[in-house]
Each structure stands twice: as C-alpha cells, then as structure tokens.
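Here's the structure, in structure tokens; my notes come after.
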Amino acid sequence: MNRKAFLAMLGRDAHVARRNFVPILLQTFLQPLMFVFIFGRVMVGSGYMPPAYKSLLLPGIMAISMVGTGIWAVAMPLIAEFQWTREIEDRLLAPMDISWVAVEKVVAGTLQALAAGLMVIPAAWLLLRPGVELSLHAPLVFAGVAALVALFSAAGGLALGCSVDQTHVGLMFTLVVAPMIFFGCTYYPWSALENFPFLQKAVLLNPLVYASEGLRGTLVPQFPHLSLLAVWAGLVLFNALLLSVGLRQFHKKAVS
Amino acid sequence: MVGIRTRDLRKVYTSPPPLAAGVGGFTFFRAPSKSKQPKPEIVALDGISLEIPPGEIFGLLGPNGAGKSTTVGILTTRVRPASGQAWIGEHDVWKEQTTVKRLIGVVAQRPNLDFSLTAREILVFHGAYFGLSSVERTKRAYALLDRFKLLDRADQLVRGFSGGMMQRLSIARAMMHDPRVLFLDEPSAGLDPQTRLLLWEIIREYNHSGKTILLTTHNMEEADALCQRLAIIDHGRVIALGTPRELKASVPGGYLLRLRFGQHSPELLERLRALGGVREVHATDANGADLYADRGGSLVPEIASLALAGRVDLYDVHLSEPSLENLFLHHTGRSLRE
C-alpha cells in the first residue's frame with residue numbers, strides 16, 4: 001500500500017464532500033427526518049401510535065440513514081466514474097495496487113455513514129423530544145456496532161456500484177435498497193414479526209436487520225431485540241461477504 | 001531513460017471491451033467450440049511485438065478497432081493480455097504494476113477528468129497521488145496550466161470545459177508527475193488546428209527532455225509530423241514498421257492512382273501494367289483498380305488513351321502522392337478512414 005496516495009485520495013473525497021456539503025446534508029437527512037416527524041411526532045401526538053414508538057423508531061431511522069448514506073456515497077460515484085465520467089481511471093493509474101482504490105472508497109463511505117448516523121441521533125432527538133428514552137449503557141459496544149453498520153453500508157455500496165449498470169440505477173433502489181429498508185426491521189423490531197414465521201426467518205438474510213437490531217439493542221435496550229451475539233455475527237459475516245464480492249467486481253470493472 | 005517492449009501480445013474479448021480498451025469496431029468471428037452456443041470472440045490483438053528504444057516518439061497508426069487502444073491498455077496495466085508480455089524499461093507491466101505506474105503517464109482516448117474538481121485541483125491531487133510535496137504540486141500545476149494556456153480557467157470546475165480544453169488538461173495531468181514514458185491515445189482527436197500545433201510542440205519538447213512517447217492516431221499527418229518510427233496495425237497485427245520515410249518509400253513507386261472504369265478487363269489491366277513507371281496494378285472490384293507507380297499526373301493521359309483504345313469508359317481517377325495512407329491501402333486494400 002502507498003500511504004501517501006491513499007491519503008491523497010481520501011483528501012480528494014473529503015474536499016468534494018465539503019464542496020457538496022449542503023446537497024449531501026439534504027440528501028442524507030431530509031427523508032429520515034420527515035419520517036421521524038410524521039411517525040414520531042404527528043402519529044404519536046394524535047394518538048395513533050403509542051408514545052413508546054418514538055424511542056423504538058430512532059435506532060431504525062439511524063440505520064436507514066447510515067445505510068442510505070454509505071450506499072449512496074460509494075455506489076453512485078463508482079457507477080458514474082466507471083461508466084460515464086471515467087474519472088476513476090486517474091486513480092487506477094496511481095502508484096498503488098488498485099484494490100486500495102476500492103478500499104479508499106469504502107473507508108470514505110464508512111466515515112460518511114458514521115457521520116450521518118451520529119448526526120441523526122441529536123437531530124431526531126430534537127424533533128421528537130420529550131419522550132425519547134435513549135440509554136447509552138455500553139458506549140463501546142454501541143461504537144463497535146455503529147462502525148460495523150457503517151462499514152457494511154459502504155461495502156454494500158462497493159458491491160452494488162461495481163455490479164449495476166448505469167441504466168439500472170433506478171432499479172437498484174427499487175429492487176435492492178427499498179426492500180432492504182422495508183424488510184430490515186427498521187420501523188419495527190424483529191420480534192414484531194412473530195406472527196409471520198416465514199417472513200421472520202427470511203428477513204434474517206437481510207443485513208439491515210442486524211444493523212437496526214444492533215442499534216436498537218445498544219440504544220434502546222428496553223425494547224425486544226436480537227441478541228448482540230447474533231448481531232455481531234451477522235454484521236461481520238455480511239461485511240466479509242460484501243467486501244469480497246465488491247473487491248472482485250471492482251477488479252472486473254477496472255481491468256479488462 | 002526508459003523504453004517500451006512487448007512480445008507477442010494477444011488479447012481476445014468474449015464480451016464487448018470495457019472502458020480500459022477504448023472503442024469497439026473489432027473483428028467478430030465465432031471460435032470453434034464444443035458447446036452449442038459459442039460466445040462470440042473478439043480478437044483485439046493477434047501477436048503484437050514492439051521494441052521502442054528510450055527517448056523515441058513512436059506511433060501506432062491504424063483504423064478504429066485495429067488494436068491500438070488495447071495495446072496501450074496492456075502497457076498501462078489496464079488490460080490483461082491473454083498471452084505475451086510487456087515491459088516498461090526492465091519492468092514487467094503485469095507483474096510490477098506499481099513500479100510501472102510510477103514510470104508512465106497516460107492520456108486516455110476519451111476525457112476522464114474529475115468533474116467534481118477545478119482544473120488546478122485536478123493537477124494538484126494527481127501530483128499528491130504520486131507523492132509530490134505540496135510546494136512542488138502547486139509549482140508544477142501552475143507551470144502546466146500556463147504551458148497549456150489554461151491559467152484563465154484554472155479555478156473553474158472542468159464540467160463546463162470544451163472538448164479541447166479537457167484534452168489539454170488531460171495531457172497536463174499526465175505530465176504532472178513527470179513520467180519517463182508518456183502514452184497518448186488519439187491525443188489530437190477533436191482538437192482545432194491551432195491547439196493541435198500547440199500540442200505537437202509540447203510533445204516534441206517533452207521528448208527532447210529525454211522522455212519516451214507512444215501515441216496512437218489514425219491521422220497520417222500527425223504520425224508523419226511527430227513520430228520518429230511508426231507501426232501500422234490492422235486487425236491486431238503489425239503490418240508495417242519503420243520511420244515514416246521508410247514506410248512511404250516502401251509503397252511500390254509511391255504514387256497511387258485509384259481508377260474507376262465502366263468495367264475493366266484483364267487485357268486492360270495488363271496494358272496498364274506495361275506503362276512506363278507502373279509498379280503494380282490490382283483490381284479492387286469489377287470497376288475499380290489501384291495502380292502504384294513512381295510518377296503521378298503524367299500517367300493520366302496515357303491511362304485515358306488506353307481506356308479509349310480498349311473501348312472502356314474511364315469514370316474517375318484519384319491521384320495521391322506518396323503517403324502513409326497509400327501504404328495502408330497497399331497492405332490492406334482499405335483506406336485508413338474507412
């Protein structure tokens with residue numbers, strides 16, 4: 001690995017992120033915060049939802065923001081850079097192994113996803129208060145889970161970004177990202193699927209389930225959630241899988 | 001000083017060549033295969049061996065799809081050869097990619113600039129990827145922007161640049177880390193004549209500082225003006241190699257007269273061959289013939305009278321002086337522009 005080149009690429013991504021700060025901010029937060037407002041404030045305030053739903057919702061929204069940000073931050077530039085602007089070619093010609101170019105994208109995406117996740121908590125808390133009962137009882141476990149969730153979202157972005165044709169970007173969101181969010185135990189805990197035994201088992205194939213259950217387990221442990229052991233195992237497994245698939249696809253795209 | 005060498009490079013695509021190889025236009029044929037539905041195979045390179053000494057401007061001349069970009073792709077680590085080897089200096093391109101990437105600068109056929117950055121930032125970040133110090137990056141970026149006449153737009157996003165400006169910036173970027181070997185894939189495609197001259201001047205200047213340059217082109221004028229040696233390639237093979245002067249001299253006679261008749265006959269072609277100074281005559285189809293000779297215009301009246309005597313209508317005579325275009329025609333029977 002060439003540390004200078006790697007850091008320069010991270011520097012480039014940070015520079016572009018700073019330049020596009022406002023659009024990125026809107027893209028990351030507008031939708032989750034509107035969701036928080038309607039479901040957490042309006043629905044609870046008008047009595048359609050129990051007050052406890054506020055606290056239940058927050059970790060799920062955090063997971064959605066992180067995964068959305070990570071996937072978007074990695075997959076969209078890759079799709080454009082490989083197929084349209086081709087600007088990735090300049091980085092592929094930098095004096096380091098091309099796998100590091102992919103790793104750099106994942107690191108940049110992970111950092112963005114982490115930032116998004118950590119910023120959602122105060123933003124949602126401001127929107128929802130009072131009545132949100134967050135308890136950061138094990139900060140290190142929470143940090144570990146959040147890091148794994150962020151990494152999973154960026155690795156997913158790498159795998160998707162190197163596999164999806166630019167004409168199918170819309171389909172990617174409709175067929176992959178949207179179902180992942182709806183069946184990802186984001187708006188409800190996994191235990192709520194008890195009455196749908198088949199679905200409850202099937203959603204375990206969805207990595208987002210481990211993300212939202214993990215954040216739920218570390219932020220609002222008063223609600224039922226998957227055991228943290230299952231969360232760790234699921235996240236580590238999916239991270240390994242998505243990274244290896246992503247790197248393989250990246251090589252296929254980069255070298256003909 | 002660092003040279004370039006390739007030995008028997010072959011490349012076959014089973015799907016359309018992706019971004020590293022540039023545009024398509026390859027020969028399609030079905031490979032003999034045991035399965036019922038063989039994948040169509042595209043032979044891009046069919047045994048390319050080149051030896052380019054350090055400090056040379058070497059040109060790959062050929063029509064679109066001849067294999068020029070694939071050759072550059074292999075030499076710049078972006079395309080994996082099916083077989084054969086390539087070296088930059090003493091370094092095997094495939095096995096020592098990182099070392100090779102330090103030695104080369106690459107200008108791709110299509111602009112691949114970073115649309116999120118300004119012209120100056122593109123150069124500065126490129127320099128950073130190659131480990132240049134901050135002071136050095138700033139200094140070189142300024143010098144290159146000045147040399148390529150881009151200073152007045154240096155701090156604008158390149159999104160709004162014209163094709164010619166993007167091309168100039170791409171070349172400046174490739175020179176930013178002062179590579180020993182510079183690859184230019186169709187450097188002057190789409191440039192206006194003035195910018196093309198500026199570019200030629202810069203390429204020569206860079207070469208004078210001891211750098212090896214490999215450029216691809218389908219423009220004969222450019223190959224003639226810039227390259228010390230040329231390889232003419234077609235269908236993934238080298239069909240002629242030498243200095244532009246040698247290559248032009250290797251066309252029989254040098255002059256080419258492309259003739260169109262109502263319908264020609266073997267006797268007529270025989271009589272044309274007997275004319276003074278005529279070296280070769282080939283029928284191209286039932287109406288056309290290519291005549292190679294060591295004189296041009298003075299043959300036209302003689303051809304016209306032969307046609308008249310043989311009661312054959314002469315419709316068209318196209319005369320061209322010794323050129324690389326004629327050479328390509330001589331070897332392939334096709335024009336470079338076709």
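The values are calculated or read from the model by the stated rules, or taken from the named source; none is laboratory data. None of the values given here were measured: they were computed from a predicted structure. Here Cβ is always computed from backbone atoms with ideal geometry, including for glycine, and neighbour counts include all displayed protein chains.
Of the residues that make up segment B:110-118, is at least one aliphatic (A, V, I, L, M), part of a helix (DSSP H, G or I) and over 22 Å from the mean Cα position of the chain (by Cα)? No, segment B:110-118 contains no residue that is aliphatic (A, V, I, L, M), part of a helix (DSSP H, G or I) and over 22 Å from the mean Cα position of the chain (by Cα). Would you check if residue B:331 is surrounded by fewer than 16 Cβ atoms within 10 Å (Cβ to Cβ) and closer than 25 Å to residue B:72 by Cβ? Here the answer is yes, as residue B:331 does meet what is asked. Tell me, please, whether a residue that is hydrophobic (A, V, I, L, M, F, W, C), touching a residue at least 60 places away in the same chain (Cβ under 8 Å) and out of contact with any His (no Cβ under 9 Å at 6 or more places or on another chain) can be found in segment B:117-128. Scanning segment B:117-128 turns up no residue that is hydrophobic (A, V, I, L, M, F, W, C), touching a residue at least 60 places away in the same chain (Cβ under 8 Å) and out of contact with any His (no Cβ under 9 Å at 6 or more places or on another chain). For residue A:1, the criteria (1) in a helix (DSSP H, G or I); (2) in contact (Cβ under 8 Å) with a residue 40 or more places away in the chain; (3) within 14 Å of chain B (Cβ to nearest Cβ) hold in every case but one, which is (1). Among all positions in segment B:26-49, there is at least one residue which is at pLDDT 90 or above, more than 20 Å from residue A:256 (Cβ to Cβ) and not in a loop (DSSP other than H, G, I, E, B). Scanning segment B:208-256 for residues that are aromatic (Phe, Trp, Tyr) and in a loop (DSSP other than H, G, I, E, B) yields nothing.
Of all residues in segment B:152-201, those satisfying the criterion of being free of Cβ contacts under 8 Å to residues at least 60 places away in the same chain and among the basic types (Lys, Arg) are B:153, B:159, B:168, B:196. Of everything in segment B:134-165 that is among the basic types (Lys, Arg) and within 14 Å of chain A (Cβ to nearest Cβ), the residue that is farthest from residue B:202 (Cα to Cα) is B:159. Set side by side, the residues B:127, B:131 differ, and just one is in contact with a helix residue (DSSP H, G or I) (Cβ under 6 Å, 6 or more places away or on another chain), facing chain A (nearest Cβ under 9 Å) and not in a helix (DSSP H, G or I), which is B:131. The residue of segment A:119-132 that is nearest to the other protein chains (Cβ to nearest Cβ), among those that are out of contact with any Gly (no Cβ under 9 Å at 6 or more places or on another chain) and either at pLDDT 90 or above or surrounded by 15 or more Cβ atoms within 10 Å (Cβ to Cβ) (or both), is A:119. Among residues of segment A:230-256 that are among the β-branched types (Val, Ile, Thr), those with a Cβ under 6 angstrom from a residue that is surrounded by fewer than 15 Cβ atoms within 10 Å (Cβ to Cβ), sequence gap 6+ or separate chain, pair up as A:255/B:80.
Going through (1) touching a Leu at 6+ places or on another chain (Cβ under 8 Å); (2) under 29 Å from residue A:256 (Cα atoms); (3) in a loop (DSSP other than H, G, I, E, B) one by one, residue B:149 falls short only on (2). Residues considered: B:282, B:318. Of these, the only one that is of a type outside the set (Lys, Arg), exposed (fewer than 12 other Cβ atoms within 10 Å of the Cβ), assigned to a strand (DSSP E or B) and out of contact with any Cys (no Cβ under 6 Å at 6 or more places or on another chain) is B:318. Selection of segment B:53-85 for residues being surrounded by fewer than 24 Cβ atoms within 10 Å (Cβ to Cβ), of a type in the set (Gly, Ala, Ser) and part of a strand (DSSP E or B) yields B:83, B:84.
Give me a count of the residues in segment A:12-45 that are within 14 Å of chain B (Cβ to nearest Cβ) and exposed (fewer than 13 other Cβ atoms within 10 Å of the Cβ). Lay out the reasoning, then the answer.
Filtering segment A:12-45 down to residues within 14 Å of chain B (Cβ to nearest Cβ) leaves A:12-21, A:23-24.
Pick out the ones that are also exposed (fewer than 13 other Cβ atoms within 10 Å of the Cβ) and you get A:18, A:20-21, A:23.
Residues that pass the stated criteria total 4.
Of all residues in segment B:86-98 being in a loop (DSSP other than H, G, I, E, B) and within 14 Å of another protein chain (Cβ to nearest Cβ), which is surrounded by the most Cβ atoms within 10 Å (Cβ to Cβ)? Only one residue fits best here, namely B:93. One residue stands out among those in segment A:88-104 that are of a type outside the set (Asp, Glu) and out of contact with any Lys or Arg (no Cβ under 9 Å at 6 or more places or on another chain): the one that is surrounded by the most Cβ atoms within 10 Å (Cβ to Cβ), which is A:102.
Might you check whether a residue that is touching a helix residue (DSSP H, G or I) at 6+ places or on another chain (Cβ under 9 Å), of a type in the set (Gly, Ala, Ser) and within 14 Å of another protein chain (Cβ to nearest Cβ) occurs anywhere in segment A:46-68? Scanning segment A:46-68 turns up no residue that is touching a helix residue (DSSP H, G or I) at 6+ places or on another chain (Cβ under 9 Å), of a type in the set (Gly, Ala, Ser) and within 14 Å of another protein chain (Cβ to nearest Cβ).
Would you pick out the residues in segment B:223-251 that are out of contact with any helix residue (DSSP H, G or I) (no Cβ under 7 Å at 6 or more places or on another chain) and either of a type in the set (A, V, I, L, M, F, W, C) or surrounded by fewer than 23 Cβ atoms within 10 Å (Cβ to Cβ) (or both)? Spell out the reasoning first.
Step one: filter segment B:223-251 for residues out of contact with any helix residue (DSSP H, G or I) (no Cβ under 7 Å at 6 or more places or on another chain), giving B:228-229, B:231, B:235-238, B:241-243, B:245-246, B:249.
B:228, B:229, B:231, B:235, B:237, B:238, B:241, B:242, B:243, B:245, B:246, B:249 - these are the residues of segment B:223-251 that are out of contact with any helix residue (DSSP H, G or I) (no Cβ under 7 Å at 6 or more places or on another chain) and either of a type in the set (A, V, I, L, M, F, W, C) or surrounded by fewer than 23 Cβ atoms within 10 Å (Cβ to Cβ) (or both).
Residues that are of a type in the set (A, V, I, L, M, F, W, C), under 30 Å from residue B:163 (Cβ atoms) and not in a helix (DSSP H, G or I): does segment A:50-67 have at least one? Show your work before the answer.
Restricting attention to segment A:50-67, the residues satisfying the condition of being of a type in the set (A, V, I, L, M, F, W, C) are A:52, A:56-58, A:61-64, A:66-67.
Subsequent filtering for residues that are under 30 Å from residue B:163 (Cβ atoms) retains none.
Checked against the condition, which is being of a type in the set (A, V, I, L, M, F, W, C), under 30 Å from residue B:163 (Cβ atoms) and not in a helix (DSSP H, G or I), segment A:50-67 yields no hits at all.
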